[in-house]
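Down below is the structure, laid out as structure tokens.
The values are calculated or read from the model by the stated rules, or taken from the named source; none is laboratory data. Bear in mind that the values here come from a model prediction, so they are computed numbers and not experimental data. When we count neighbours, we look across all protein chains shown, and the Cβ atoms used for this are built from the backbone with ideal geometry, even at glycine.
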Amino acid sequence: MSEKNDWTKEELEKEYVNTMTAVTVPVNIHIEGQQQILDLSEMKKILRGAKLISLEECECRKKLKKCDAPLDVCIGLDKEAEEQIKKGLAKKASLEEALEALERSHTAGLVHVAFTFKEHKKPEIVCSCCSCCCHSLSALIRFGMAEAVVASKYIAVNDLKTCINCGVCVERCQFKARHLENDKLVYDAAKCFGCGVCVSTCPTKSISLVKRD
């Protein structure tokens, strides 16, 4: 039985999972073999392709209030941005302002997810999501609805030689792909969605993202 401030499975199926595609987008990550930071390149490509960008508060976190993650980090693109600005729910934003919001939410451990509505070709919303409030992450993690979120083209890998089993990545992982067992890191690659949230805060730089097979 779900809590009062949780999404129900029926609500998720009817209003979200069957109406949009959600894809994780890694930000500020190291790619094995390149030895460089992508410098928000995945997101910049999406944002630069938009004629209009908006910023607004996350409706999921406003509704459920289950964490204190940043609110003002939800990005609208083109038609979605125009509609939300007209309604007074969002403000027009520059590319730099949108990228700053992404960097701030990445620091907070949120997953960047690009949403594309059914029958549309380009993403219209870029959210910074937490698993406790986000409709799509909640559908995936709480109810096992794999169609709710599409993994990025990357996957995290661990260097066990340098890993100190500190648990920082366990705390950061929204997908529960990592946990400590007898003070040792246990990693389930099948649960990794390649968001890159674990990479930037690993104190020994023992995690990197590589392209999926």
request  = Could you tell me which residue of region 161-205 is surrounded by the most Cβ atoms within 10 Å (Cβ to Cβ), considering only residues that are at pLDDT 95 or above and polar (S, T, N, Q)?
outcome  = N165
key: Breaking point among (1) surrounded by 17 or more Cβ atoms within 10 Å (Cβ to Cβ); (2) of a type outside the set (G, A, S); (3) in a loop (DSSP other than H, G, I, E, B), for H120   = (1)
query = Is it the case that region 139-146 has a residue that's in contact with a Ser or Thr (Cβ under 9 Å, 6 or more places away or on another chain) and closer than 18 Å to V197 by Cβ?
reply = yes
